Amino acid sequence: MTFPVLVEANEDRFAASLVGAPNVRVSEPTRSRAIDALKEAIALRVARGELVSLEIDTVGVSSLAGKYSADPTLKPICDDAYEARDAERSR
């Protein structure tokens with residue numbers, strides 16, 4: 001598995017954290033030790049639980065995109081709207 005990790009130098013230490021999970025964070029004296037420690041921390045968390053991906057249904061206006069594309073009344077409505085817009089712009 002691949003995880004996005006942020007490594008930051010802080011004075012004489014390096015902090016490594018799992019992107020999107022700020023509570024999964026380690027601090028070590030070297031960059032490589034910080035990465036290794038974070039790798040171990042992530043492995044422990046994955047071993048205790050189950051890593052899954054979730055598909056979330058869209059909610060709101062974006063769920064309407066394309067819903068009425070086959071509606072025959074949509075074209076004349078759009079044409080009227082564009083005609084009114086163009087007339088307004090040319091004033």
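Summary of computed values
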read-out	value
Test: VAL26 is touching a helix residue (DSSP H, G or I) at 6+ places or on another chain (Cβ under 6 Å) and not in a helix (DSSP H, G or I)	yes
Members of segment 16-44 found to be loosely packed, with under 14 Cβ neighbours inside 10 Å and of a type in the set (Ser, Thr, Tyr), listed by number	THR30, SER32
Unique match (being among the small types (Gly, Ala, Ser), loosely packed, with under 10 Cβ neighbours inside 10 Å and either at pLDDT below 90 or in a loop (DSSP other than H, G, I, E, B) (or both)) among ALA47, ALA87, ALA70	ALA70
Pairs, first over 26 Å from PRO4 (Cβ atoms) in segment 41-68, second among the acidic types (Asp, Glu) and exposed (fewer than 10 other Cβ atoms within 10 Å of the Cβ), C-beta under 8 Å, six or more apart	SER63/ASP57
Residue selected from segment 1-22 under the condition under 20 Å from VAL52 (Cβ atoms) and either outside any strand (DSSP E or B) or acidic (Asp, Glu) (or both), by the criterion farthest from the chain's Cα centre (by Cα)	MET1
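The values are calculated or read from the model by the stated rules, or taken from the named source; none is laboratory data. Model, not experiment: these values are computed from the prediction. All Cβ positions, glycine included, derive from the backbone under ideal geometry; neighbour counts span all protein chains shown.
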